[in-house]
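A short worksheet on the structure shown next.
The values are calculated or read from the model by the stated rules, or taken from the named source; none is laboratory data. What you see is a predicted model; the values in this text were computed from it and never measured. A quick note on method: Cβ atoms are made from the backbone with ideal geometry, for glycine too, and the neighbour counts reach across all protein chains shown. We work out accessible area using only protein heavy atoms, side chains counted, and drop any ligands, DNA or RNA first. Shrake-Rupley method; radii C 1.70, N 1.55, O 1.52, S 1.80 Å.
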Amino acid sequence: SGSSNILSFVNPNDIENFTVLKDASSTAIYGSRASNGVILITTKKGVAGSPLTVSYDGNVSMANAIAFVDVFSGDEIRQLALDRVSLFGVDNLNLLGNQNTNWQKEVFRTAVSHDHNLSVAGSVSSLPYRLSVGYTDQTGILKNTDMQRFTGSLNLNPTFFKDALKVNVNLKGMNSHHNF
C-alpha cells in the first residue's frame, strides 16, 4: 500500500542531524527545483578507533479518541420519527428496529503501539561500521488502520592511503505495510 510520507523511509534513530537550506543557498546548490527549500538528513556512522557499542531503544505508547461527536441514540431517532410521522410514513417506522448501537464506540479502539531499535557500532582496524535494525508497529485508533515498518541500515566508512581516500558505503532497506 506504500507510504504517505517519504521521510518515513528513514528510521528516526539513524538520524545524526538535519539541516534546512532555504532561499538562495538551496537554489544555488540544487537548482530551481529547490527554490522552496531542501532538507539535508545526515545519518549516523561508525567512528574510527571506537570500541564496540550496542544500544537498544524501545517504547510503547497508547492512544485513544479524545472525544466523540454527540449524536442521537436509536431511541431518540425513533421518537423523532414518531413525532413527524407525516414526513416518514407509518410503514417506514417499522424499519427503524429497536437497537441502540453507539457506532463511534464500535469503530474506534484504544491503540497500543511499540517501536524497537537495535544498533551495533564500532571499528575493526581502520574500518568503522554501524549496523542498525528497527521494527515499528503502530496501531490506529480507527479499527483496521495500522502501520508496520522494518528498517535495516549498514554503514561502512573505511579510509585508505593514510586517510587520503575516504569511502562511505551506505546500505539501507525498509519494508513498510500500511492500512489507511
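Observations, loosely collected:
- Taking 0.36 nm per residue of sequence separation and removing the Cα-Cα distance, the S50/F88 pair yields an extension gain of 5.8 nm.
- When the P(r) of the range 128-180 is calculated, the portion above 18 Å amounts to 52% of the C-alpha pairs.
- Eligible lysines near K105 by straight Cα distance, threshold 25 Å, same-chain separation 8 or greater: K143
- For the residues I141, I66, a 1.4 Å probe over the protein chains yields an accessible-area ranking, largest first, of I66, I141.
- Each of N117, A67, L131 was placed along the dipole of the range 66-143 (beta-carbon charges, centred on the mean Cα), and the one lying farthest toward the positive end is L131.
- If you take all other residues with their beta carbon under 10 Å from the beta carbon of S35, and give Lys and Arg +1 and Asp and Glu -1, the sum is +1.
- Set of aspartates and glutamates with alpha-carbon distance to K44 below 13 Å, sequence-local pairs under 8 removed: D14, E16
- Spatial separation of Cα centroids for the range 20-35 and the range 84-131, in angstrom: 40
- Identified option (computed volume of the Cα convex hull per residue in Å³; candidates (1) 195; (2) 127; (3) 137): (1)
- Environment charge of L142, counting only residues whose C-beta is closer than 13 Å and scoring Lys/Arg +1, Asp/Glu -1: +1
- Highest to lowest packing among 109-121, 92-104, scored as the average C-beta count within 10 Å: 109-121, 92-104
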